[in-house]
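Following: one structure in C-alpha coordinates, then a few remarks.
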Amino acid sequence: PGRVYTPEAAMPDEMSRLHRALHIQRVVIVTPSVYGTDNSCSIYGMKARGKDARGVAVIDDKTTERDLDALVKAGFKGIRLNLHTVGTHDPSVAAKQFQNAAKRVQSRNWHVQLNTSLSVVAALKNEFAASPVPIVFDHFCNADTKHIFVRNRLTLSNLRFPQDSSSSSTVVCGTMTIISGFLRNTSRAIIS
(Lines give C-alpha, C1' and ligand atoms only; values in the text may rest on other atoms or scores of the structure.)
Protein backbone atom coordinates (compact mmCIF):
# COMPACT_ATOMS: atom_id res chain seq x y z
CA PRO A 1 0.00 0.00 0.00
CA GLY A 2 1.24 3.46 -0.86
CA ARG A 3 4.14 2.29 -2.98
CA VAL A 4 5.35 4.65 -5.68
CA TYR A 5 6.36 1.89 -8.09
CA THR A 6 6.51 -1.88 -8.35
CA PRO A 7 9.93 -3.20 -9.36
CA GLU A 8 10.39 -5.96 -11.90
CA ALA A 9 11.33 -9.34 -10.47
CA ALA A 10 15.10 -9.73 -10.26
CA MET A 11 16.67 -12.89 -8.91
CA PRO A 12 20.14 -13.25 -7.37
CA ASP A 13 21.38 -15.40 -10.26
CA GLU A 14 20.58 -12.54 -12.67
CA MET A 15 22.51 -10.15 -10.43
CA SER A 16 25.47 -12.52 -10.32
CA ARG A 17 25.52 -12.97 -14.12
CA LEU A 18 25.41 -9.22 -14.63
CA HIS A 19 28.18 -8.61 -12.12
CA ARG A 20 30.38 -11.31 -13.65
CA ALA A 21 29.87 -9.77 -17.10
CA LEU A 22 30.78 -6.33 -15.73
CA HIS A 23 33.67 -7.73 -13.62
CA ILE A 24 32.09 -6.50 -10.39
CA GLN A 25 33.12 -8.56 -7.37
CA ARG A 26 31.74 -6.70 -4.35
CA VAL A 27 28.24 -5.28 -4.09
CA VAL A 28 26.11 -3.21 -1.76
CA ILE A 29 22.45 -4.13 -1.80
CA VAL A 30 20.18 -1.29 -0.72
CA THR A 31 16.64 -2.03 0.43
CA PRO A 32 14.38 -0.28 -2.08
CA SER A 33 11.76 2.14 -0.78
CA VAL A 34 8.89 -0.03 -2.04
CA TYR A 35 9.63 -2.59 0.68
CA GLY A 36 9.40 -0.10 3.54
CA THR A 37 11.32 -1.48 6.53
CA ASP A 38 11.11 -5.09 5.32
CA ASN A 39 14.77 -5.84 4.61
CA SER A 40 14.21 -9.54 3.85
CA CYS A 41 14.65 -9.08 0.10
CA SER A 42 18.06 -7.48 0.66
CA ILE A 43 19.01 -10.21 3.14
CA TYR A 44 18.01 -12.85 0.57
CA GLY A 45 20.15 -11.20 -2.10
CA MET A 46 23.10 -10.81 0.27
CA LYS A 47 22.96 -14.45 1.33
CA ALA A 48 22.79 -15.57 -2.28
CA ARG A 49 25.72 -13.33 -3.19
CA GLY A 50 27.87 -14.48 -0.27
CA LYS A 51 30.79 -12.81 1.47
CA ASP A 52 31.18 -10.11 -1.20
CA ALA A 53 27.82 -8.50 -0.40
CA ARG A 54 26.97 -5.83 2.13
CA GLY A 55 23.66 -4.12 2.73
CA VAL A 56 21.97 -0.83 3.50
CA ALA A 57 18.75 -1.27 5.49
CA VAL A 58 15.63 0.80 5.93
CA ILE A 59 14.54 1.12 9.56
CA ASP A 60 12.00 3.10 11.56
CA ASP A 61 11.25 3.94 15.18
CA LYS A 62 9.88 0.44 15.73
CA THR A 63 13.19 -1.17 14.73
CA THR A 64 14.72 -2.49 17.95
CA GLU A 65 18.37 -2.68 18.96
CA ARG A 66 18.03 -6.45 18.63
CA ASP A 67 16.83 -5.94 15.04
CA LEU A 68 19.86 -3.75 14.35
CA ASP A 69 22.15 -6.40 15.85
CA ALA A 70 20.62 -8.97 13.49
CA LEU A 71 21.25 -6.63 10.56
CA VAL A 72 24.89 -6.30 11.64
CA LYS A 73 25.24 -10.09 11.64
CA ALA A 74 23.65 -10.25 8.20
CA GLY A 75 26.28 -7.84 6.81
CA PHE A 76 24.52 -4.49 6.77
CA LYS A 77 26.74 -1.40 6.99
CA GLY A 78 24.26 1.46 6.93
CA ILE A 79 20.69 2.68 6.82
CA ARG A 80 18.74 4.64 4.25
CA LEU A 81 16.36 7.53 4.81
CA ASN A 82 13.89 7.91 1.94
CA LEU A 83 13.01 11.54 2.54
CA HIS A 84 12.33 12.42 -1.09
CA THR A 85 10.20 9.34 -1.75
CA VAL A 86 7.84 10.10 1.13
CA GLY A 87 7.66 13.82 0.35
CA THR A 88 9.81 15.19 3.18
CA HIS A 89 11.16 18.46 1.77
CA ASP A 90 11.10 20.56 4.94
CA PRO A 91 14.71 20.94 6.11
CA SER A 92 13.74 21.05 9.81
CA VAL A 93 11.89 17.73 9.53
CA ALA A 94 14.74 16.24 7.49
CA ALA A 95 17.27 17.43 10.09
CA LYS A 96 15.41 15.73 12.94
CA GLN A 97 15.10 12.48 11.01
CA PHE A 98 18.77 12.56 10.05
CA GLN A 99 19.90 13.32 13.61
CA ASN A 100 17.82 10.43 14.98
CA ALA A 101 19.18 8.09 12.32
CA ALA A 102 22.79 9.13 12.96
CA LYS A 103 22.36 8.51 16.70
CA ARG A 104 20.96 5.03 16.04
CA VAL A 105 23.89 3.91 13.88
CA GLN A 106 26.87 5.83 15.22
CA SER A 107 27.95 3.13 17.69
CA ARG A 108 27.85 0.55 14.88
CA ASN A 109 30.15 2.61 12.63
CA TRP A 110 27.47 2.62 9.93
CA HIS A 111 26.67 5.33 7.43
CA VAL A 112 23.38 7.06 6.66
CA GLN A 113 22.27 7.08 3.05
CA LEU A 114 19.87 9.89 2.19
CA ASN A 115 17.41 10.02 -0.66
CA THR A 116 16.68 13.72 -0.53
CA SER A 117 16.77 16.86 -2.66
CA LEU A 118 19.51 19.35 -3.38
CA SER A 119 17.50 22.06 -1.63
CA VAL A 120 17.42 20.03 1.62
CA VAL A 121 21.16 19.29 1.35
CA ALA A 122 21.89 22.98 0.75
CA ALA A 123 19.77 24.00 3.76
CA LEU A 124 21.45 21.44 6.01
CA LYS A 125 25.00 21.49 4.64
CA ASN A 126 26.50 22.66 7.96
CA GLU A 127 24.67 19.91 9.88
CA PHE A 128 25.77 17.32 7.33
CA ALA A 129 29.36 18.56 7.40
CA ALA A 130 29.36 18.08 11.20
CA SER A 131 27.82 14.63 10.98
CA PRO A 132 29.15 12.01 13.41
CA VAL A 133 28.63 9.35 10.70
CA PRO A 134 29.48 9.12 6.99
CA ILE A 135 26.72 10.23 4.64
CA VAL A 136 25.78 9.01 1.17
CA PHE A 137 23.44 11.16 -0.91
CA ASP A 138 21.81 8.79 -3.36
CA HIS A 139 20.02 9.44 -6.64
CA PHE A 140 22.39 12.41 -7.06
CA CYS A 141 20.12 14.30 -4.65
CA ASN A 142 17.34 14.00 -7.23
CA ALA A 143 19.01 16.74 -9.25
CA ASP A 144 17.12 17.87 -12.30
CA THR A 145 19.40 16.63 -15.06
CA LYS A 146 18.17 19.37 -17.40
CA HIS A 147 19.82 21.91 -15.11
CA ILE A 148 22.99 20.12 -14.01
CA PHE A 149 25.23 22.39 -16.09
CA VAL A 150 23.15 25.56 -16.01
CA ARG A 151 24.88 28.49 -14.35
CA ASN A 152 23.48 29.75 -11.02
CA ARG A 153 21.39 26.63 -10.44
CA LEU A 154 21.80 24.58 -7.31
CA THR A 155 23.76 21.52 -8.42
CA LEU A 156 26.07 19.00 -6.82
CA SER A 157 29.05 20.70 -8.44
CA ASN A 158 28.38 24.09 -6.82
CA LEU A 159 27.20 22.86 -3.43
CA ARG A 160 30.09 23.60 -1.09
CA PHE A 161 30.48 22.12 2.37
CA PRO A 162 32.37 24.02 5.08
CA GLN A 163 36.13 23.53 4.75
CA ASP A 164 36.85 23.86 8.46
CA SER A 165 34.67 20.97 9.51
CA SER A 166 36.19 18.90 12.30
CA SER A 167 33.81 16.09 11.42
CA SER A 168 34.95 12.70 10.26
CA SER A 169 32.02 12.75 7.87
CA THR A 170 32.44 11.38 4.39
CA VAL A 171 30.11 12.76 1.77
CA VAL A 172 29.49 10.75 -1.37
CA CYS A 173 27.13 12.17 -3.94
CA GLY A 174 25.44 9.81 -6.29
CA THR A 175 24.74 6.20 -7.00
CA MET A 176 24.40 4.15 -10.13
CA THR A 177 20.64 4.60 -10.04
CA ILE A 178 20.86 7.57 -12.39
CA ILE A 179 21.81 5.16 -15.16
CA SER A 180 19.71 2.25 -13.99
CA GLY A 181 17.71 2.20 -17.22
CA PHE A 182 20.94 1.92 -19.17
CA LEU A 183 22.24 -0.83 -16.88
CA ARG A 184 18.95 -2.71 -17.06
CA ASN A 185 19.01 -2.65 -20.87
CA THR A 186 22.72 -3.47 -20.96
CA SER A 187 22.28 -6.34 -18.51
CA ARG A 188 19.57 -7.88 -20.67
CA ALA A 189 21.85 -7.72 -23.69
CA ILE A 190 24.79 -9.23 -21.79
CA ILE A 191 22.76 -11.96 -20.08
CA SER A 192 20.82 -13.01 -23.21
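Among the residues in the stretch 120-136, are any under 18 Å from residue 32 (Cα atoms), hydrophobic (A, V, I, L, M, F, W, C) and at pLDDT 55 or above?
yes
Of all the residues that make up the stretch 54-102, how many are in a helix (DSSP H, G or I), basic (Lys, Arg) and touching a residue at least 12 places away in the same chain (Cβ under 8 Å)?
0
In the list 108, 54, 3, 17, which residue meets the criterion of being of a type in the set (Lys, Arg) and under 13 Å from the mean Cα position of the chain (by Cα)?
54
Yes/no matrix, rows are residues, columns are (1) open to solvent by less than 70 Å² (accessible area, probe 1.4 Å); (2) closer than 29 Å to residue 19 by Cα; (3) not polar (S, T, N, Q):
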| position | (1), (2), (3) |
| --- | --- |
| 41 | yes, yes, yes |
| 47 | no, yes, yes |
| 57 | yes, yes, yes |
| 74 | yes, yes, yes |
| 82 | yes, yes, no |
| 141 | yes, yes, yes |
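For (1) β-branched (Val, Ile, Thr); (2) out of contact with any Ser or Thr (no Cβ under 7 Å at 6 or more places or on another chain); (3) open to solvent by 20 Å² or more (accessible area, probe 1.4 Å), each residue gets a yes or a no:
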{"position": "6", "(1), (2), (3)": "yes, yes, yes"}
{"position": "54", "(1), (2), (3)": "no, yes, yes"}
{"position": "67", "(1), (2), (3)": "no, yes, yes"}
{"position": "92", "(1), (2), (3)": "no, yes, yes"}
{"position": "95", "(1), (2), (3)": "no, yes, no"}
{"position": "109", "(1), (2), (3)": "no, yes, yes"}
{"position": "112", "(1), (2), (3)": "yes, yes, no"}
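If we keep just the residues of the stretch 1-52 that are among the polar types (S, T, N, Q) and under 24 Å from residue 82 (Cα atoms), which is modelled with the lowest pLDDT?
Top of the filtered list is 6.
State all residues of the stretch 103-128 that are touching a helix residue (DSSP H, G or I) at 6+ places or on another chain (Cβ under 8 Å) and outside any helix (DSSP H, G or I); if no residue qualifies, say none.
The answer is 108, 111, 112, 114, 115, 116, 117, 124.
Exactly one of (1) under 30 Å from residue 123 (Cα atoms); (2) modelled with pLDDT of 95 or more; (3) of a type in the set (Gly, Ala, Ser) is unmet by residue 70. Its number?
For residue 70, the failing item is (1).
Go through 34, 27 for me and flag whichever is open to solvent by less than 60 Å² (accessible area, probe 1.4 Å), in contact (Cβ under 8 Å) with a residue 12 or more places away in the chain and in contact with an Asp or Glu (Cβ under 8 Å, 6 or more places away or on another chain).
The unique qualifying residue is 27.
The values are calculated or read from the model by the stated rules, or taken from the named source; none is laboratory data. Here the structure is a predicted model, which means the values were calculated and not measured. Note that we place each Cβ from the backbone using ideal geometry, even for glycine, and neighbour counts take in every protein chain shown. Note: accessible area is taken over every heavy atom of the protein model, side chains too, but ligands, DNA and RNA are not part of it. Shrake-Rupley method; radii C 1.70, N 1.55, O 1.52, S 1.80 Å.
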